[in-house]
Every structure is written in C-alpha cells, then in structure tokens.
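First comes the structure, then the notes that go with it.
Taken together, the values in this text are just the output of simple stated rules run on the coordinates, not laboratory data. Please read all numbers here as calculations on a predicted model, not as lab measurements. Neighbour counts run over all protein chains shown; Cβ positions are idealised from the backbone, glycine included.
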Amino acid sequence: MSDRDLAPPGAIAMRSELSRGRVHPEPRHPLRSEFQRDRDRIIYCTAFRRLMHKTQVMTAQGSDHHRTRMTHTLEVTEIARTIARCLGLNEDLTEAIALSHDLGHPPFGHAGEGALDECLAGVGGFEHNEHALRLVDFLEHPYPDFHGLNLTWEVREAMAWHSSRDKSPTIQELRSAGYPLLEARVADAADSLAYVCHDLDDAVEAKLIQLDDVAGLSLVRRASSLLPPGRVLSEDDRRSLLVRTLVDMLVRDLVDHTRRQLDAEGIHDLASVRSHPGPLVEQGHGMREEKRELAEFLRRHVYYHRRVLEMSERGAALVRSLMQAFLKEPQALPPRYRSRLGVDPAARIVGDYVAGMTDRFAEEEHDRLGLKTP
Ligand code: MG
C-alpha cells in the first residue's frame, strides 16, 4: 500500500470541534485536540495501568509471554489507527476509543465478570462496558472538582454502544445521537480481528493447541499460501509469521471491503454515518465466514480447554469469596470506598472495589484475608 492510499481525514471523519463536549465544560487546550486529551486521560488513569495485570484469556500462571489486557489493548489500538488512517477517519478519536475499550474488565476475564454479575444481581448486575462508563464518569478521581475523567461524549458514546445493558438510562442517552461513528465501528472491528489472531498465537504458545490443529481451517490455509514456499522454519517462526500474515490479510480485507461499502451505501458525510444502522466496517463476505470458523474453533478448543476452564473457575471462585468477605466486613474497604457506605448499596461499593482489582491483587487479598477457595 502506498502513501497515496492513505486518505486524509475526510467528511466522514468525526471532528473534535463538532464534539458534543464534556459534562463539565473545560477551556480548549492550545496544543491538543479534545480527542487527544481524552486519549491522554485514558492512558494516565489507574484503570488503564491495571490492565497490565488483568487476564485476557489465560491468567499469568505458567508463562510470561502471552497477552494481558494491556498488550491486547495496545495491539487493538494500533490496528484501529491503521484502519482509521486508510479510511480517512479521525485517528485521535479512534485511538481514544480503542484504548478505553477494555477498561471495565474485572479480574479473571469473563469468568470474573460472570461471578460479579451473579453477586450484584440484587443491585442491577455487572457488565464490563457499563462498568467502564462508571469508571470514566465516576470512579476515577484525578481532578479535585468533579468525579471521573470528564471524557468527551463521543468516547463515552462508543462505550455505550458496546454495552448489552440497553435499558440503562445513561446508555440510552449516550445512544441518542444516531448510529455509531465510524471511529467506534473501526475500534470494534479491530478488537475482533486482533483477538482471534492473537488468541490463536497465545494458545499455540501455551501449548493448548498445536499449529497443525488449525492447518485445515480456510483462513489459515489462505494465510499459509502467502508464506514463502519451501522455506524451512522453526515452529516458533512459523507461528509468528502465520499470525502476522493473518492480521495483515484481515486488515487489508477489512479496509477494501469497508471502502466499497461506504461507496455502495452512499456514506459521504457524518449525517449519513449517523443514520446508517448496518455494520459498514466489516470483513468481506468470504473472510467474514472464514474468521467465524476460526473463532468457533477457538471457542471449542481454547476457551473451553480444560486448563482454561480450570483457571476460569478458580478466578470466579476467588471473586465470589472476595465479594462475600468485604460484604461481611465493609469497614475493611479502603477509605475512598468506605466513605460511600450509607450512600450507595454496599454490594455496589464492594463490587466496584473488587472489579478494580488486578488478577494479582485479587490473589494477594484472598491470601491476606485467609479465604478458602479451591
Ligand atoms: Mg478487547
């Protein structure tokens, strides 16, 4: 791809001067756009730093090489920026949305999320996107005058579109501007593309599966046909070359197909983006099916692998016992959480505290409190 293929931000890009702004108005910054400021606020927040010790698929046992939520987030962000640049979208906004896309994940991935949702059933449950909004709107506290990071509407809107809690008044309000901006749709597509490729990479590295197990899948066959023929490579080299090729192939297909879709659907300005309910940013039909086949393989052979299930069950049990322990003794919470007792339901306060923990801190707290979990 040459420089000529990289479109400058065009009429379909969101522009920061068109932003619906922040809940607490702030003067403009002389050097950075509103979305650049959002990006920086996200990178400097505590929840972002904690992604370093949160599970993506596998917990830190056994290997230091696999991805964490932090490295996954950075990979998604760079893929999303590449796509945004090719499509002439707002890179700063895309970056801010991608950096924030997993902020609300509790310890131990989806297992931790499921356990928290059960424990918080009486106060409306737990869902990581809704929690990400609570984090950026309320729980983070870098400013003395208000709660939260005071992000722009557009970054918060992207979180709301991701959430399954469509009855929540906050989420409904944030969805009222029309269908999602292309920058949000790009971050979403980059996430999905990144995790199928990288979960495959990590699963082979962790020996949950072997490279040969996926050799028959159409997407892998297609990527393998692009590798240098006749070259003898070590298993590790073959894996990383294959994964790189997969990512590259999917990104090119996504950009090509999306360009065609935007043309075919007559999407030439922001108003037409806002009124278009279809996905717009997606793989072409062929690769969409092939990617689905790989995702299904991963579901059956990686996410439901005995070792992954054991880690998940242990993580969920740990979250449940931490919830119980702090509910029994809420005075043991740190002062910032304790000060909300009597104002918010105790379950929500404890849930906010436990959801913020990293895998590592949850393990340490569990040991410190002498809790018994299988
Ligand atoms: Mg993600």
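Taking other C-beta atoms within 10 angstrom as a stand-in for reagent exposure, Ser163, Ser176, Ser240 fall in the order Ser176, Ser240, Ser163, fewest first. For region 326-340, backbone phi angles converted through the Karplus equation (6.51, -1.76, 1.60; θ = phi - 60°) give residue-by-residue couplings of 6, 5, 6, 9, x, 5, 7, 5, x, x, 4, 7, 4, 5, 8 Hz, Gly and Pro being listed as x.
What does the net charge come to around Ser168 if you take all other residues with beta carbon closer than 15 Å to its beta carbon, with K and R at +1 and D and E at -1? Each step should come with its number before you reach the end.
Values: positive: Arg134, Arg156, Arg165, Lys167, Arg175, Arg348; negative: Asp117, Glu127, Glu130, Asp137, Glu157, Asp166, Glu173.
Within the 15 Å Cβ shell, the charges total -1.
Phi angles across region 253-262 convert, under the Karplus curve 6.51 cos²θ - 1.76 cosθ + 1.60 with θ = phi - 60°, into 3J(HN,Hα) values of 4, 4, 5, 4, 5, 5, 4, 5, 4, 4 Hz, Gly and Pro given as x.
The loop-placed chymotrypsin sites (Phe, Trp or Tyr not before Pro) in region 280-324, going by DSSP, that have at most 11 neighbouring Cβ atoms within 10 Å of their Cβ come out as Tyr304. Within the shell defined by Cβ-Cβ distances under 14 Å, the residues around Met323 carry a net charge of -3, with Lys and Arg each +1 and Asp and Glu each -1. Evaluating 6.51 cos²θ - 1.76 cosθ + 1.60 at θ = phi - 60° for every residue in region 234-243, the Karplus couplings come out as 5, 4, 5, 5, 5, 4, 6, 5, 5, 5 Hz, glycine and proline recorded as x. Positive-end ranking of Leu270, Ala346, Met311 along the dipole of region 260-374, with charges on Cβ about the Cα centre, is headed by Ala346.
Order of Asp269, Asp201 from fewest to most other C-beta atoms within 10 Å? All intermediate terms of the calculation are to be shown ahead of the outcome.
Values: Asp269 11, Asp201 21.
Neighbour counts put them in this order, fewest first: Asp269, Asp201.
How would the chain be classified by its alpha-carbon gyration tensor: rounded, prolate or oblate, with rounded meaning a/c under 1.5 and the a/b versus b/c comparison settling the rest? Mind showing how you got there, number by number?
Numbers: a/c = 2.09, a/b = 1.15, b/c = 1.82.
Since a/c reaches 1.5 but b/c is at least a/b, the shape of the chain is classed as oblate.
Using a simple charge model, +1 on the beta-carbon of Lys and Arg, -1 on the beta-carbon of Asp and Glu, nothing else, what dipole does the chain show about its Cα centre, in debye to the nearest 20?
Details: 50 positive and 59 negative charges, 84 e Å.
In debye, rounded to 20, the chain gives about 400.
Taking a ≥ b ≥ c as the square roots of the eigenvalues of the Cα gyration tensor of region 222-297, is the shape rounded (a/c under 1.5), prolate (a/b larger than b/c) or oblate? Could the numbers behind the result be given before it?
Numbers: a/c = 3.54, a/b = 2.70, b/c = 1.31.
The shape class here is prolate.
Projecting the Cα atoms of Ser19, His366, Leu193 onto the charge dipole of the chain, computed from C-beta unit charges around the Cα centre, puts His366 farthest toward the positive end. Which listed residue (Val247, Thr68, Met287) has the Cα farthest towards the positive end of the charge dipole for the chain, taking +1 on Lys and Arg C-beta and -1 on Asp and Glu C-beta about the Cα centre? The listed residue farthest towards the positive side: Thr68. Annotation: amide H of Gln56 within the under-5 Å range of Arg69, sequence separation 5 or more or interchain, hydrogens built in the peptide plane.
From the square roots a ≥ b ≥ c of the eigenvalues of the alpha-carbon gyration tensor of region 121-169, which class results: rounded (a/c under 1.5), prolate (a/b over b/c), or oblate? Write out the running numbers ahead of the final one.
Numbers: a/c = 2.72, a/b = 1.45, b/c = 1.88.
It is oblate, given that a/c is not under 1.5 and a/b is not larger than b/c.
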